[in-house]
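Working notes for the structure below.
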Amino acid sequence: MAIDLHKLTQHDQGEDCPVCHTQQMVRGALIPAAAAWEVSEELPRFSVALHGAAELLGVMLGEGVAREEIDAALAKLLDDIGRGIGEDEVMGGPPQGNA
Ligand SMILES: [Zn+2]
């Protein structure tokens, strides 16, 4: 049973892109739930976020996915997210210099 992480990180251009669908689910439900859980358990901010992410990825390790593949997929996703944050700042923030 090969788990293809590359496929899991590739958007398809259709209406029902599974990557976009998953991202929307996580943003709409999982992120607020993790934040609420941190507050209700009086845990430091991002405790559940960080350990939740690591533990979920650890399940993949346990299923035999190579650590290098997980690292590479995570790096790509974080790069994409980082770019998205940069774009949001460009659109919402003040002009950055005059070059
Ligand atoms: Zn997509």
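Pick from LEU30, LEU56: which is surrounded by fewer than 11 Cβ atoms within 10 Å (Cβ to Cβ), away from the ligand (no atom under 16 Å from the Cβ) and within 16 Å of the chain's Cα centre (by Cα)?
LEU56
Remark: pairs (first residue in region 11-22, under 17 Å from GLY84 (Cα atoms) and near the ligand (Cβ under 8 Å from one of its atoms); second residue among the hydrophobic types (A, V, I, L, M, F, W, C) and assigned to a loop (DSSP other than H, G, I, E, B); Cβ separation under 8 Å; 6+ apart in sequence or on different chains) = HIS11/CYS17. Could you look through region 1-10, keep only residues that are in contact (Cβ under 8 Å) with a residue 40 or more places away in the chain and within 16 Å of the ligand (Cβ to nearest atom), and pick out the one that is nearest to ARG67 (Cα to Cα)? Only one residue tops the list, namely LEU5.
Quickly run through region 43-72 and pick out the residues that are in a helix (DSSP H, G or I), out of contact with any helix residue (DSSP H, G or I) (no Cβ under 7 Å at 6 or more places or on another chain) and closer than 18 Å to THR9 by Cα.
ALA53, ALA54, LEU56, GLY58, VAL59, GLU68, ASP71, ALA72
Values quoted throughout were computed directly from the atomic coordinates according to the rules given, and no laboratory measurement underlies them. All values reported here derive from a predicted model rather than from experimental measurement. Every residue, glycine among them, receives a Cβ derived from its backbone with ideal geometry; neighbour counts consider all protein chains shown.
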